[in-house]
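The values are calculated or read from the model by the stated rules, or taken from the named source; none is laboratory data. The structure presented is a predicted model; accordingly, all values stated were derived computationally and were not measured. Cβ placement follows ideal geometry from the backbone for every residue including glycine, while neighbour counts extend to all protein chains displayed.
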Amino acid sequence: MVARDALVKVEAGAYSHIAVPAMLRGSGLAPRERAQVTDLVYSTLRQQRRLDDLIARTSKRRIARLDPPVRAVLRLGAQQLMAGVPPHAAVGETVAAAPVRARGYVNGVLRSLTRLGPPWPEPESLAVALSYPDWLVERLGDELGAEDAHAALAAGNERGALTLRPNILRTDADTLTAELVAAGAAVTRGKLVPDALIVRAAGDPATLPAVAKGRATPQDQGSQAVVLYLDPRPGERVLDVAAAPGGKATAIGERVGKKGRVIAADTQAGRLRLVGLAARRLRLSTVDLVVADGRHPPVRDASCDRVLVDAPCSGLGVLRRRPEARWRLDPDAIAGLADLQVELLVAAASAVRPGGVLVYAVCTLTKAETSEVAARALERLEGFTPLEPPSAPWRPWGAGALLLPSTADTDGMFVLGLQRGSNRASGELRVGV
């Protein structure tokens, strides 16, 4: 029932990474059952198009015309069958979760489905096989090349590992590893970020004492790597112009320490409160919250040592964590996002002091939001020169670097680093029209 209700909520507009944990905490289910429900919901969302294709082969009713709870249980049942759950268990449990009036129909569709496979019928296209919209498969194929696009999209269908960032003001990777192992978790070090901890068999991350008491933060290695590239130093003043929900802002706060300052800005007060909650949990007193539009930085010109523009984007690099986003994204919205990203980056440049660093980051893969934003911004910014991009597994991508989710088992990311000239003449900022 929890899995069914979660799918219905997500279809109605909820975000899976928020709705599912919240529903499970109030479910009364044992930790193992919570993990099973989480895996089932996320795998069903990831495989939705493939599942609908199979269901359409055995149902006389169009799946789009079914009531949401019926549609949800059919997808859950089909996913269990594809995952190898014995047919009698998959069908029986799914029928029991269906609305009473629809149980006969659900039972008939799923029993017919058991006669289709395995092996399951071949899908008509790669987009159906990988369970993505046609436009997305075509666009990434054109921009990344068929092989890299296929690998990136396949990685988006894998379950993302729980990754923790140690709070370096209160612990270190070795100490945190020992604590987690003593509690029964399996821990390995990150390949992209050596101090990142990949944690398995730990249950709900919010209930881990290290997280609850502020010694660690769940954060993917890709996001941690962005802060490493920004390289904030103790005592520095850093602006994060789009800070919510706070993962990077608090990571910066840990690195600048008690003598530094982080100005965490965001347009929405509600989302900015999440940054404040994270900072309090981590006992960071140096993170200042400011409601502001990043196109008008809330600081004096040339007043910050480093500035991070972690811009709103299409989010194609984090689809394994937010699988429903693939069905919600309007391809026509990407051009508007790219325009906003350029505006944010150019505006944020004014806050960088001479000799300071400006980093642009997005968790997506389209050229319009990555290399093309970099090129457009550089045309408008005088006195800034690109920094050396991070090394492999990052790959050079225009003036910046791209991290595919398939190369290091992380979220997909793009970064561009710029340094402002250190003398008065070269450090003067001119913004082109």
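Scan the strands (runs of 3 or more DSSP E) fully inside region 344-427 and keep the ones with 2 or more residues being in the same structural domain as ASP266 (by TED's automatic domain parsing) and touching a residue at least 60 places away in the same chain (Cβ under 8 Å).
It comes to 352-362, 413-420.
Would you pick out the residues in region 241-275 that are touching a strand residue (DSSP E or B) at 6+ places or on another chain (Cβ under 7 Å), in contact (Cβ under 8 Å) with a residue 24 or more places away in the chain, part of a helix (DSSP H, G or I) and not charged (D, E, K, R)?
GLY247, ALA249, THR250, ALA251, ILE252, GLY253, VAL256, LEU272, VAL275
Which of the residues belonging to region 233-251 are surrounded by 24 or more Cβ atoms within 10 Å (Cβ to Cβ) and either under 17 Å from PRO390 (Cβ atoms) or over 22 Å from the mean Cα position of the chain (by Cα) (or both)?
Hits for region 233-251 are VAL238, LYS248, ALA251.
Scanning for something closer than 30 Å to ARG46 by Cβ and under 25 Å from the mean Cα position of the chain (by Cα), does region 373-380 turn up at least one residue?
Checked region 373-380: at least one residue is closer than 30 Å to ARG46 by Cβ and under 25 Å from the mean Cα position of the chain (by Cα).
Which members of region 181-221 meet the condition of being surrounded by fewer than 16 Cβ atoms within 10 Å (Cβ to Cβ) and on the phi > 0 side of the Ramachandran plot?
Correct list: GLY184, ALA201.
Only one of (1) crowded, with 24+ Cβ neighbours inside 10 Å; (2) within 22 Å of LEU289 (Cα to Cα) fails for ARG261. Which number is that?
(1)
Where residues in region 1-33 are closer than 20 Å to GLY92 by Cα and charged (D, E, K, R), which of them is modelled with the lowest pLDDT?
Only one residue fits best here, namely GLU33.
Return the total of residues in region 159-186 being assigned to a loop (DSSP other than H, G, I, E, B), aliphatic (A, V, I, L, M) and modelled with pLDDT of 95 or more.
Final tally of qualifying residues: 2.
In a loop (DSSP other than H, G, I, E, B), touching a residue at least 12 places away in the same chain (Cβ under 8 Å) and in contact with a helix residue (DSSP H, G or I) (Cβ under 7 Å, 6 or more places away or on another chain): does that describe GLY203?
Considered against the rule, which asks whether it is in a loop (DSSP other than H, G, I, E, B), touching a residue at least 12 places away in the same chain (Cβ under 8 Å) and in contact with a helix residue (DSSP H, G or I) (Cβ under 7 Å, 6 or more places away or on another chain), GLY203 comes out as yes.
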